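Accompanying notes for the structure given below.
Nothing in this text is a laboratory measurement; each read-out follows from the coordinates by a stated rule. What you are looking at is a predicted structure, and each value in this text was computed from that prediction instead of being measured. FYI the Cβ positions are ideal-geometry reconstructions off the backbone, even for glycines, and counts take in every protein chain you see.
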Amino acid sequence: MKKKTPAPVPIYTGELNGTPLGDFRLAASDFGLIAVEWADSQPEFDSYLARLERPIQPDPKKIKPYARELAEYLNGKRTAFTIPVDWTFFTPFQREALQAVYRIPYGETRTYAEIAKEINRPLAWRAVGAVNAMNPMPLVIPCHRVIGTDGKLHGYGGGEGLPTKEWLLKMEGAVMA
């Protein structure tokens, strides 16, 4: 008798609209958040989810706790997330780098080099930058808190780019050079 292969666990999707930074699309699994993307970047969001090769299921109810915490954060009412993050879709290096970024406290910044040192790969600061550039959960994994060694803002793919990164850091009260 042939064993049945279990059906792949679905990815649930939903929206968060009307925030100070615009509208967002969210995705989560049964294990936690998978993706946050600006609504203007719907094709990138869809492409990322397609690469995960899981059935996609719109489910506003499943997305509601994630949307609520993101809205609270963007409205200055939350400084830390309690929602779970699904780390299973990352390579070991991506997971290490992004978990280090995830641990940067609200209102603080780190350099790419500091993140590389924290994960015991002091020469991998460019790789850390590349992982940050592909972060599928901006805001929750706060890649906006990662700055250049020169103390300046370098690269941000979300929203309006660097002005969005600057807005987020100012909202958090981060000291900037």
- Message: Lysine pairs in the chain with Cα distance under 24 Å, only those 8 or more apart or on different chains: how many are there?
- Response: 9
- For the residues 101, 9, what sequence is obtained by ranking on other C-beta atoms within 10 Å, fewest first? 9, 101
- Query: Residue by residue, what Karplus-based ³J(HN,Hα) values in Hz, rounded to whole numbers, does segment 93-102 have, using 6.51, -1.76 and 1.60 with θ = phi - 60° and x for Gly and Pro?
  - Reply: 5, 4, 4, 4, 5, 6, 5, 5, 5, 4
- Could you put 131, 85 in order, starting from the residue whose Cβ has the fewest other Cβ atoms within 10 Å? 85, 131
- Query: Taking 0.36 nm per intervening residue step and subtracting the Cα-Cα distance, what contour gain separates residue 160 from residue 126 on full extension?
  - Reply: 10.0 nm
- Message: Could you give the length gained by full extension between residue 53 and residue 83, i.e. 0.36 nm per residue of separation minus their alpha carbon distance, to one decimal place?
- Response: 8.5 nm
- Item | Summed residue charge, Cβ within 11 Å of residue 58's Cβ, Lys/Arg positive, Asp/Glu negative | +1
- Looking at 71, 28, 41, which one has the Cα that reaches farthest to the positive end of the dipole of the chain (charges on Cβ: Lys, Arg +1; Asp, Glu -1)? 28
- Note on the structure: Note on the chain: contact order normalised by length, alpha-carbon pairs under 8 Å, 6 or more apart, percent, works out to 19 percent
- Taking only DSSP H segments of four or more residues, each worth -39500 (n - 2.57), what value at 222 nm results for the chain once the sum is divided by all its residues, to the nearest 500 deg cm²/dmol? -10500 deg cm²/dmol
